[in-house]
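Single-structure report; data block below.
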Amino acid sequence: MKNQNSTTLSPEKQKQFDKRYLEMALVWSKNSYCKRRQVGALLVKDKMIISDGYNGTPSGFENNCEDPDNKTFPYVLHAEANAITKVAKSNNSSEGATLYVTTSPCMECSKLIIQAGITRVVYSYEYHATHGLDLLRKVGVEVVNFDLDQSDVEVDIHKTG
């Protein structure tokens with residue numbers, strides 16, 4: 001999957017944009033009511049934010065993500081899913097977009113990312129299970145790990161597909 005967003009920018013300029021959008025996703029994560037983990041996501045296409053999301057409960061639910069034992073309720077939506085469903089309700093298309101997400105996607109969100117036509121994923125913190133990243137790489141989605149704590153970027157150039 002070729003990403004149209006990064007072809008017009010120099011590598012240094014793309015790195016600057018990646019850092020800024022990922023920082024904005026981190027700020028957006030603060031909207032989450034979840035206690036265990038707050039995750040933010042931005043969908044960007046042609047240098048425009050077309051959607052955003054953070055982890056939390058579906059519309060109409062109480063803003064409580066965890067039970068008394070601090071276990072996450074099964075109906076809590078991930079930031080990526082919220083951003084993708086939000087763009088689906090709009091007049092925008094996520095085809096060829098970049099997803100900036102503070103924590104790497106899980107398997108279920110990775111399937112949504114693929115089906116939404118997102119061609120590039122930039123994340124800062126790695127989730128303990130990496131199956132989602134493996135799936136994205138398998139289908140040729142560009143995966144970039146940008147450590148906001150160190151501002152170093154690792155671009156996954158070992159894509160298949």
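The numbers here are math on the coordinates, done by the rules we state, and not lab data. Everything numeric in this text was worked out from a predicted model, so none of it was measured. So basically every Cβ, Gly included, is an ideal-geometry build from the backbone, and we count neighbours across all protein chains shown.
Explain nothing, just the number: dipole magnitude of the range 1-102 about its Cα centre with +1 on each Lys and Arg Cβ and -1 on each Asp and Glu Cβ, in debye rounded to the nearest 20.
For the range 1-102, the charge dipole is close to 300 debye.
With a 4.7 Å Cβ cut-off, tell me which Cys residues in the chain come up empty for a partner.
CYS106, CYS109
Please tell me the relative contact order of the chain in percent, rounded to the nearest whole number, where contacts are Cα pairs under 8 Å and at least six residues apart.
Reported as a whole number, the value is 21 percent.
So what's the back-of-envelope 222 nm ellipticity for the chain, counting only DSSP H runs of four-plus at -39500 (n - 2.57) apiece and dividing by all residues, rounded to 500?
So the helix-based figure for the chain works out to -9000 deg cm²/dmol.
Assign unit charges at the C-beta atoms only (+1 for Lys and Arg, -1 for Asp and Glu), then state the dipole size of the range 25-157 relative to its Cα centre in Debye, rounded to the nearest 20.
Result for the range 25-157 is approximately 380 debye, rounded to the nearest 20.
What number in nm² do you get for the range 60-116 if you take the convex hull of its Cα atoms and divide its surface by four?
The Cα convex hull of the range 60-116, projected and averaged over all directions, gives 5.0 nm².
Of SER124, ASN31, GLN14, which is farthest on the positive side of the dipole of the chain, counting Cα position, with +1 on Lys and Arg Cβ, -1 on Asp and Glu Cβ, and the Cα centre as origin?
Looking along the dipole axis, the top candidate is GLN14.
With N denoting the number of residues in the range 36-81, provide Rg(C-alpha) divided by 2.2 N^0.38 Å, to two decimal places.
The range 36-81 yields a ratio of 1.36.
Hey, what's the Kirkwood Rh for the range 10-50 if you take every pair of different alpha carbons, in angstrom?
Averaging 1/r across every pair of different Cα atoms and inverting gives 11.2 Å.
Do you know the Lys pair count in the chain for C-alpha distances under 15 Å, with sequence separation 8 or more or different chains?
Close lysine pairs found across the chain: 10.
From the gyration tensor of the Cα coordinates in the chain, what semi-axes in whole Å does the equivalent ellipsoid have, largest first, with each one equal to sqrt(5λ)?
Three semi-axes, in Å: 25, 16, 15.
When the chain is fully extended, how far beyond the present Cα-Cα distance does ASN31 get from ASN64, taking 0.36 nm per residue of separation?
10.6 nm
Using alpha carbons only, how many angstrom separate the centre of the range 54-94 from the centre of the range 27-52?
11
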